[in-house]
Structures are given as structure tokens and as C-alpha cells.
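The values are calculated or read from the model by the stated rules, or taken from the named source; none is laboratory data. Please read these numbers as outputs of a predicted model, since none were measured by experiment. Using ideal geometry, Cβ is built from the backbone for each residue, glycine included, and neighbour counts are taken over all protein chains shown.
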Amino acid sequence: MEGSRPGRRRCRFVLSSLLDRNLEEKISSGYKAWELLLWFYGLGPGLFYGILPEKYYKHYCKLVIGIRIMYQREIAPEQLRLAHQSLLEWVLDFEKFYYQQKIGRLHFVRQCVHSLVHLAPETFRIGPPSLSAQWTMERVIGAFGSLIKQPSNPFANLTEQAKKVATVNSIIAMWPSFEWVEKDPRGSIDIGNGFLLLGPKDARPYCLSEAEQDAFVGFYSNPGSVPRTVCRWARLRIPTGQTARSRWKEVDRSWISKPARTDRNVKVRDLSNVCFVLTRI
């Protein structure tokens with residue numbers, strides 16, 4: 001959900017294609033790795049809630065917690081400890097639920113299951129997996145391919161482009177001050193704790209409806225502090241670098257002839273429990 005407009009359009013296209021295809025029929029032929037990741041680790045916690053028995057759902061969520069953290073480009077030490085603990089518990093529960101220390105079920109414990117035990121320690125040693133996994137290599141190949149400007153002699157041109165990139169990287173490694181630092185988008189507001197409000201926004205104060213005022217009353221501990229008007233923002237960048245988008249602007253940007261099929265996995269938290277609600281525009 002982060003990146004340039006083409007990246008956002010590709011994300012929406014992938015999500016739309018996921019909703020139009022049967023996972024059971026295409027799991028071994030038509031799906032790409034990224035689509036399966038989005039299904040299993042992105043939409044899965046909402047789709048499987050209430051379907052899987054509670055014991056297996058909690059076991060599944062431990063894996064999701066660890067893998068989601070491992071896929072981040074930047075991982076804080078406390079997040080790495082949480083991921084390591086979650087993955088260790090998942091591996092132990094996997095052997096308890098499915099293996100049960102039986103020789104006849106030893107083939108269930110595949111290499112990918114055991115590798116999760118070493119994932120967090122290796123991340124501490126060499127950095128996030130996103131910097132060394134195949135995704136990075138594919139991205140580099142795609143980036144170099146986009147730099148080719150001479151179709152008549154592509155390999156020589158590719159060599160020159162790679163030399164330029166290597167030269168720039170070497171200079172930045174020796175003089176880090178030369179590296180370009182991305183600034184906050186124009187018109188954005190930093191509200192602290194890694195959260196950033198992004199436009200577009202209301203040009204004038206928006207009057208809350210009765211239902212919206214009731215929602216604010218339920219949110220605020222002091223009903224007297226509930227505002228009558230607010231200024232709505234379309235997007236919010238969260239500490240992980242991802243961008244959350246509001247229904248308010250997403251509906252306006254939908255196509256008239258073909259409305260956007262945008263699903264949202266909403267995490268609802270109260271004092272007693274945590275549940276997931278899948279809503280559709």
C-alpha cells in the first residue's frame with residue numbers, strides 16, 4: 001500500500017483479481033506468490049475468524065504476527081523479540097497439534113517449519129529478510145530493466161546503468177550525507193508517534209451527522225468534549241510506513257461504470273476481547 005501511484009494501482013488490481021478468482025482452483029497454477037501472501041497473511045485473519053476453531057485460529061495468528069513483522073523493511077528490537085516469541089510458539093504448537101512426536105507424521109515437519117526458529121536470530125545478524133530475499137533481486141532486475149534506453153544494444157546499456165548505480169551507492173556509502181532523504185508530503189501533518197495525516201482533506205469544516213456524533217460520544221470519555229464539526233483527512237500513514245485510506249474519498253474515486261471493490265479488514269478492540277470484521281464498500 002505504499003509507494004508511487006503505479007504501485008497503488010497494482011495493489012488495487014491484485015486485490016480485485018483475488019476477489020474474482022477461486023483460490024481452491026488456482027492454488028497450484030494460476031496464483032502468484034504475492035497473491036498467496038496477501039490471501040494468507042493479509043486477508044486471512046479476517047476471513048478465517050469464526051470459521052477456524054479457536055485453538056487453531058490462535059495458532060494461525062501467531063504465525064501471521066511473526067511473518068508480518070519479518071516482512072517489514074525496518075524492524076524495531078522489541079518487534080523482533082515479539083516475532084521470535086510468536087514463531088517459536090507456533091512451531092511448538094505445530095508439532096503438538098499435527099506432529100505429536102509420531103514417526104508416521106514426521107513428514108509434516110517440513111524444512112520451512114523448522115526454518116522459522118532461525119528467522120529472527122538471522123534477522124538480528126544480517127538484517128530484515130526483505131533486504132536479502134528473492135523479492136529484492138526481482139525488484140533490482142525490474143529497476144535495471146526500466147533504465148534501458150537503447151533497444152538495439154540492451155546488454156551494453158544495462159551494464160552501463162548498473163555501473164552508474166554501483167558508483168552512486170559507493171559514494172553514498174563513503175559519504176552518507178549525500179543520500180537524499182525523503183521529506184513529508186506537502187500539506188501533511190505529523191501527529192506524533194509515527195502517524196502522518198495525508199491529503200486530500202476538507203476545504204471547510206464538515207458538520208457531523210447524528211450517527212457520527214453518537215460514534216464520537218461512544219469514543220470520548222467526556223461527552224461534553226464531542227465536536228460538532230471536524231476536518232476530514234483522506235489518508236493516514238501509520239508507523240509501519242503503510243497508508244490507510246478512508247471510505248470517504250475511496251467512494252468518490254470509484255468508477256461510475258465499474259465501482260471499486262474495496263475490502264477492509266477492520267480490527268475492533270474493546271475492553272473484553274478483540275475481533276475482526278470484514279466490510280465491503
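Here are the numbers for the structure shown:
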item: For W175: the one exception among (1) among the aromatic types (F, W, Y); (2) modelled with pLDDT of 85 or more; (3) under 21 Å from the mean Cα position of the chain (by Cα); result: (3)
item: Segment 224-241 residues that are within 20 Å of S188 (Cα to Cα) and among the aliphatic types (A, V, I, L, M), paired with ones that are at pLDDT below 80 and surrounded by 13 or more Cβ atoms within 10 Å (Cβ to Cβ) (beta carbon under 6 Å, 6 or more apart); result: A234/K249
item: Sole exception among (1) assigned to a helix (DSSP H, G or I); (2) in contact (Cβ under 8 Å) with a residue 24 or more places away in the chain for Y60, by number; result: (2)
item: Matching entry among G66, G104 (being part of a helix (DSSP H, G or I) and touching a residue at least 40 places away in the same chain (Cβ under 8 Å)); result: G66
item: Condition check for V113: farther than 30 Å from G194 by Cα and of a type outside the set (D, E, K, R); result: yes
item: Restricting segment 71-98 to residues that are charged (D, E, K, R) and assigned to a helix (DSSP H, G or I), the residue that is nearest to Q242 (Cα to Cα); result: E78
item: Residue within segment 126-137 that is surrounded by 12 or more Cβ atoms within 10 Å (Cβ to Cβ), in contact with a helix residue (DSSP H, G or I) (Cβ under 6 Å, 6 or more places away or on another chain) and assigned to a helix (DSSP H, G or I) present; result: yes
item: Close pairs from segment 119-134: first not assigned by TED's automatic domain parsing to the domain that holds H84 and at pLDDT 90 or above, partner surrounded by 13 or more Cβ atoms within 10 Å (Cβ to Cβ) and not basic (K, R), Cβ under 7 Å, at least 6 apart; result: none
item: Count - residues of segment 76-98 that are in contact with a Leu (Cβ under 7 Å, 6 or more places away or on another chain) and among the hydroxyl-bearing types (S, T, Y); result: 0
item: Positions within segment 194-210 being farther than 30 Å from G42 by Cα and either free of Cβ contacts under 8 Å to residues at least 12 places away in the same chain or under 29 Å from the mean Cα position of the chain (by Cα) (or both), in sequence order; result: D202, A203, R204, S209, E210
item: Residues of segment 161-190 satisfying the condition of being surrounded by 12 or more Cβ atoms within 10 Å (Cβ to Cβ) and either closer than 26 Å to R228 by Cβ or hydroxyl-bearing (S, T, Y) (or both); result: S188, I189
